[in-house]
Amino acid sequence: MGIGSYFKASSKPEQPAAAPPRAHKPKQPSAASEKPPSDRFVGNDMELQAPTPRFSSRPQSVSGRSTKSAASSMFLDDIKHEVMVNYLYQQQCSHLWVSDGSGEIEGVLLRKHRGQYMACPPQLGSSPFAQAATALNVQCAMTVNSRVIKTFLQWSPDAVDVPLMNGLRVQILPTIEDLTRARKHQFAAFVASEGLLIVWDDDALHLIPRAKAIESELMELVWKAGSEEEEEGGEKRDPNVAEVEIDEESGEIIPERRPVHLMNTWLVTFTLILVTVALGAAWRSLALQIAVDGNYVRLALISLFPIQVFFTLFFAQVIIGCLAQIFGPIRQLTINSKFYSARPPPRLQGNILPHVTIQCPVYKEGLAGVIVPTVKSIKQAMSTYELQGGSANMFVNDDGLQLLSDEERRTRIEFYADNSIGWVARPKHGEDGFIRGGKFKKASNMNYGLMVSCKVEEKLLAINRDARGEPSRLGRWQHPCWRLYPHYRL
């Protein structure tokens with residue numbers, strides 16, 4: 001028996017018509033429930049009814065059994081989300097991350113569908129926090145109200161980020177309304193006006209550990225700040241630290257001089273000399289023997305010269321290489337040369353790293369078996385890069401999207417939308433004269449995606465924008481997407 005057996009609506013036995021109806025007793029809703037009270041309890045018998053479906057991507061089935069199964073599935077989905085959001089709010093209260101519990105700005109949000117969130121407390125559903133989370137399109141989000149966070153933000157009013165361990169930094173936003181423009185893959189943001197930490201994640205079970213990790217790292221960083229300065233003089237120098245030279249006039253880093261090492265050239269030269277000496281000694285012996293008896297048949301052995309070189313070259317190279325490792329220099333192994341890097345290059349200076357776009361070609365790979373694990377791994381790398389100060393996005397070139405069925409295509413598009421992934425899908429080969437060039441067609445797929453991306457960027461640059469960077473009213477009407485679709489949002 002699964003959990004679904006406990007919520008299936010059982011068929012009631014027929015009651016006589018003369019039996020008087022039982023009085024309905026409405027149940028009082030809990031503080032964390034967002035549903036209005038309903039008449040679901042009849043005496044001592046509990047009857048759970050499935051909620052009305054909000055939308056359906058498929059046509060309604062004429063079969064009563066299929067309709068009942070779909071309603072039961074949606075009801076179980078509502079139960080699952082309600083249990084999870086109440087559990088997260090309970091954990092939030094147990095960690096003392098809630099100040100008053102009014103639900104005006106603090107609480108937990110859990111996405112049921114795109115644009116539809118379940119909130120706890122229920123009042124949080126109409127707050128600016130819920131509106132920002134909807135615009136950011138996160139799976140789940142939670143506020144953290146801690147004295148440690150408030151104290152740090154009060155002592156650093158002009159800071160733009162909060163440093164953590166290992167050189168990572170979490171963004172600071174002025175107000176809760178600015179959450180819509182946050183770096184999504186940092187999965188956290190401090191709000192200066194409210195003195196809050198907001199964390200979000202793709203998995204609801206990872207939300208509490210993420211908040212605890214950020215709070216503990218912040219506390220550890222603050223506590224160890226003074227002791228690290230005292231011990232700075234006694235620390236050992238990291239052997240992998242790169243030394244750079246700065247130009248006094250321009251202030252830029254002088255490019256490192258990387259010479260060409262000729263050590264291998266000398267080793268090959270000595271190897272060829274050894275082979276030549278060995279074969280020359282053999283030819284000298286042949287010449288002496290011919291001079292003694294006058295038999296020139298021995299000159300036929302010269303035809304074996306290529307084979308002798310082939311077998312002698314390996315042993316000569318081993319001998320020269322061993323002698324070079326015993327008596328030769330090793331400085332070339334500790335410095336950078338044109339074709340060898342012994343030391344890491346200098347890291348980029350500054351708090352802002354360049355933007356990175358990750359381009360992924362896709363054909364008919366499975367969504368659950370290939371695409372989802374790949375996106376999960378890439379998003380972890382993107383999160384680390386954004387926490388270091390950079391920004392990144394993902395661009396999928398799906399060559400198989402127009403070759404799949406309607407249901408599979410819709411599932412992929414919804415997955416890309418839920419993970420904020422841009423995508424381009426080429427037409428089928430031979431459709432309306434379109435030709436997919438290339439043998440494996442992967443390079444042409446990526447080139448087509450880049451071409452579409454560049455054309456979209458040109459269209460966006462042509463839009464008139466105001467001082468805040470928002471499209472002006474004139475720019476909206478000039479955009480072709482706005483003229484065709486008035487509800488189009490730039």
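What follows draws every value from the coordinates through simple rules; no lab data is involved. These numbers were taken from a predicted model, which means no experiment stands behind them. When we count neighbours, we look across all protein chains shown, and the Cβ atoms used for this are built from the backbone with ideal geometry, even at glycine.
Summary of computed values
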{"read-out": "Amide proton proximity set for L173, modelled H, under 5 Å, gap of 5+", "value": "F190, V191, A192"}
{"read-out": "Residues Q380 and D432, FRET efficiency given R0 of 51 Å [Cβ-Cβ distance, rounded to 0.05]", "value": "0.80"}
{"read-out": "Dipole in debye (nearest 20) - region 78-224, about Cα centre, beta carbon charges: Lys, Arg +1; Asp, Glu -1", "value": "280 debye"}
{"read-out": "Cleavage-rule hits, trypsin sites (Lys or Arg not before Pro), region 78-120, DSSP coil, Cβ neighbours within 10 Å at most 11", "value": "R114"}
{"read-out": "Scaled radius of gyration (Cα, divided by 2.2 N^0.38 Å) that region 263-333 gives", "value": "1.47"}
{"read-out": "Prolate/oblate/rounded label for region 383-441 (Cα gyration tensor, a/c 1.5)", "value": "oblate"}
{"read-out": "Sparsely packed trypsin sites (Lys or Arg not before Pro) within region 299-372, loop by DSSP, other Cβ within 10 Å at most 15", "value": "K338, R347, K364"}
{"read-out": "For region 302-433, the Rg and Dmax computed from alpha carbons only, in angstrom", "value": "26.6, 75"}
{"read-out": "Translational diffusion coefficient (Stokes-Einstein; Kirkwood radius from C-alpha pairs) of region 143-203 at 25 °C, 0.890 mPa s, in µm²/s", "value": "209 µm²/s"}
{"read-out": "Loop-resident sites, region 386-444, for chymotrypsin sites (Phe, Trp or Tyr not before Pro), counting at most 14 other Cβ within 10 Å (DSSP)", "value": "F434, F440"}
{"read-out": "Distance from region 168-217 to region 389-414 (C-alpha centre basis), Å", "value": "27 Å"}
{"read-out": "Pairs beyond 27 Å (Cα-Cα), from K338/K439; K184/K442; K184/K459", "value": "K338/K439; K184/K442"}
{"read-out": "Shape metrics for region 78-224, restricted to C-alpha atoms - Rg then Dmax, Å", "value": "14.3, 45"}
{"read-out": "Calculated over region 355-484: convex hull of Cα atoms, volume per residue (Å³)", "value": "149 Å³"}
{"read-out": "Ranked list, fewest to most other Cβ atoms within 10 Å of each Cβ, for D77, D100", "value": "D100, D77"}
